[in-house]
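The values are calculated or read from the model by the stated rules, or taken from the named source; none is laboratory data. Everything quoted here is computed from the prediction, not taken from an experiment. Quick reminder, even Gly has a Cβ in these numbers, built from the backbone with ideal geometry, and neighbours come from all protein chains shown. Calculation scope for accessible area: heavy atoms of the full protein, side chains included, ligands and nucleic acids excluded. Shrake-Rupley method; radii C 1.70, N 1.55, O 1.52, S 1.80 Å.
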Amino acid sequence: MNHLPRTPKGIRRLMVLGATLFLLTPLMVGCKSSDSTNSDQTSPTVSDTFPVTAATNIAINSSVFATFDEAINSSTLTSSTFTLSEGSNQVVASVSYSGTTAVLNPTNNLKASTTYTATVTTGVRDASFNALAESYTWSFTTKATSDSTAPTVSLISPANKATAVAINTGISASFDAALDPTSVSATTFTLKASDTAVSGTVNYSGLTAVLQPSSNLMANTSYTASLSTDVLDTAGNALAEAYSWSFTTGATADSTAPTVSLVSPLDGATSVSTNSSIAAIFSEYLNPATVSSTTFTVKAGTAAVSGTVSYLGYTATFTPTSNLATSTVYTATLTTGLKDLAGNALAASKSWTFTSGTTADSTAPTVSLVSPTNGSTSIAINNTVSATFAEFMDPTTLTTTTFTVKAGTAAVSGTVAYLSSTATFTPSSDLGSNTTYTATISTDAKDLAGNALASAYVWTFTTGTTTAIGPSAVSLGTAGNFVVLAKSAISTTGTTAITGDLGLSPAATSFITGFSLTNHSTNTYATASVVTGKLYAADMTSPTPATMTTAVSDMEIAYTDAAGRVTPDYLNTGAGTISGVTLSPGLHKWSTALSIPTAITISGAANDTWIFQVAGNLTVANGVIVTLAGGALPENIFWQVSGQATLGTTSEFKGIILCQTKIEMQTGAKLSGRALAQTAVTLDANAVTQP
């Protein structure tokens, strides 16, 4: 389909909307019903805007958008109720409406380097004719140039080539820039099984479009989702090329309620920066249409905080319109109106409190870990690239624009997902062999207080010629900064030798026993003669408590990820007892406990991965040695244990243990890997070395 003319800008949007508005208007226009059965008396609210409040460097050819928390009576959205002004001068513009978003389209380009104020008045009413409780106003400042850069797809769900996808899922695509919502429709965003189109509805909110099939998908079937070049950004730029990806369904529907994995600020946090945003990280992708200022609220006592809610990937963010009041207790609430892409709602509302401090945060965020590491070689051509940050980031600032991978000057096509503290770039296809790549996180990446990286973070790596075998590695996030991490206690007896950092949270320093700790003068960490590294606990001086809470949450997220992998390559090997076997790369699952009474070998190349899912206890007998062969590395081996993990006396074990309960290392046992336990870790004259 040929693109509609670009000038004047409003013509194309009005043509796209024409038929829709013609059909919808008779249904939506009219006075408020006097029917006493009409139970909707709730005022609509503005849940998101483009540009956001106080935004700068906005292209002069941009349109202005206001998204509401519910459907609006389109007849009440006019150039009188949705306005844009430069001082006292109103900008000549047309107003249109699609989904839950109103579009104000200036007739001419805006002035350069100028501050504009947008206003949505109380003349705007919802479908039940309830008016906005008060006018909503926000301002932004333009830059000197127009925007001619094509938008790109930054994140998709299901992932490309994903298998065992739930048959009742929605299909989502997120972008690196805000889109014109009138350009996102069932015509420009499609789903097919072979050549058969799937009927459904398409909605756009924030940075994400969702295609919701009219009925469940067919089981065990390959589907292809496509976005056409008629998808436009807020400046009218089209996708440079059509984008498509494929996935295969499983046999079942998803009926699991999403959960809240982590919040920021933390529950009970004090001295929170007054310019901080509030964020919640979920166990899975949500339907962005359900994430709004109605389902995500912040209050000081009973007084609601004004702000906008954005959503991308796993993270919802509430950005207050102005700085928080100093030394004030706030309560954030997530309601059961939040739903995942399969329509499952939160099982129960979640609330948490925090107390603001007296100052704003002006400290630039930093990158703490990257993968592949800087300068590494012989990297598998099907590898992903990731960066872990030292604090929570604004997920909307981590996209294919701000996180790039290049071979020379040639950009690699891919998607960027952000979970907890880690951003991951997944190439659309395999990387080239024997090629040096440069990964870059730009200074447009920002934390939740709006602070940007002080300088771009750049690192390089070189591929080899091989493809890694096995599942994608489990991201540890900031938990990967620790060789031993636990929640309730870490103890040692005998002459233990640990290489790497230890962490404990929410338990206090007093529950780290047997180490003869020496506190640093800052009380942010401690040292011990048996540890080549530092020891951290939840009761130490800030920022350690927040750092530890994040690390423990990342550990729990990693455990859930490992436990949630489906379609094992090997099931119940040895009926739960393995002796003398060689384990190849892949997903290994035991639906019972696992016992290792004699030596085993884990064999594969340096880039291969193993995930071992153990439904019960993991017991390694005394003296048993786990040998690595063929170049296999302990950092690529993940033991997900739902019971207790016990390493017998003088045993030698390899890999990262993600244990839901306790890890016990008996006298003289050695571990090359990490001991990450959701209760306690007990040591007795052990050698523990991080990979």
Completion exercise
Only one of LEU628, LEU633 is more than 20 Å from LEU502 (Cβ to Cβ), out of contact with any strand residue (DSSP E or B) (no Cβ under 6 Å at 6 or more places or on another chain) and open to solvent by 30 Å² or more (accessible area, probe 1.4 Å), namely LEU633
Exercise for the section: Would you mind stating whether LEU504 is open to solvent by less than 20 Å² (accessible area, probe 1.4 Å), at pLDDT 95 or above and closer than 30 Å to PHE354 by Cβ? Expected result: yes
Exercise for the section: Select, from THR141, THR122, the only residue that is in a loop (DSSP other than H, G, I, E, B) and of a type in the set (Ser, Thr, Tyr). Expected result: THR122
Exercise for the section: Would you mind stating whether ALA563 is open to solvent by 40 Å² or more (accessible area, probe 1.4 Å), assigned to a helix (DSSP H, G or I) and on the phi < 0 side of the Ramachandran plot? Expected result: yes
Practice task
Would you be able to say whether some residue in the stretch 516-524 is surrounded by 20 or more Cβ atoms within 10 Å (Cβ to Cβ), at pLDDT 95 or above and not in a loop (DSSP other than H, G, I, E, B)?
Solution key: no
Completion exercise
Listed by first then second residue, the pairs whose first member lies in the stretch 160-188 and is under 19 Å from PHE65 (Cβ atoms), whose partner is outside any strand (DSSP E or B) and of a type in the set (Asp, Glu), with beta carbons under 8 Å and at least 6 positions apart or on separate chains, are SER183/ASP230; THR188/ASP230
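Name the strands (runs of 3 or more DSSP E) wholly inside the stretch 168-282 in which the number of residues that are open to solvent by 30 Å² or more (accessible area, probe 1.4 Å) is 2 or more.
Values: elements: 171-175, 189-193, 200-205, 208-213, 222-227, 243-249, 260-264, 269-272, 278-282.
Here the list reads 189-193, 200-205, 222-227, 243-249, 260-264, 269-272.
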Fill in the blank from the handout: Residue hits (the stretch 575-585; part of a strand (DSSP E or B) and either crowded, with 18+ Cβ neighbours inside 10 Å or of a type in the set (A, V, I, L, M) (or both)) are LEU583
Practice task
Please give the strands (runs of 3 or more DSSP E) falling wholly within the stretch 588-672 in which 1 or more residues are at positive phi.
Solution key: 652-659
Fill in the blank from the handout: Log entry, pairs with first residue in the stretch 291-304 being open to solvent by 60 Å² or more (accessible area, probe 1.4 Å), second being charged (D, E, K, R) and modelled with pLDDT under 95, beta carbons closer than 6 Å, six or more apart or on different chains, reads THR294/ASP69
Handout entry: Whichever residue in the stretch 105-119 is modelled with pLDDT of 95 or more and assigned to a strand (DSSP E or B) and, among such residues, is most open to solvent (accessible area, probe 1.4 Å)
Key = THR115
Practice task
Search the stretch 623-636 for residues that are under 11 Å from THR598 (Cα atoms) and pair each with any residue that is part of a strand (DSSP E or B) and at pLDDT 95 or above when their beta-carbon atoms are under 6 Å apart and the residues are at least 6 apart or on different chains.
Solution key: VAL624/ILE596; ILE625/GLU652; VAL626/ILE600; VAL626/PHE653; VAL626/LYS654
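Checking the condition modelled with pLDDT of 95 or more, in contact with an Asp or Glu (Cβ under 7 Å, 6 or more places away or on another chain) and surrounded by 16 or more Cβ atoms within 10 Å (Cβ to Cβ), which residue from PHE482, PHE461, PHE425 passes?
Result of the check over PHE482, PHE461, PHE425: PHE482.
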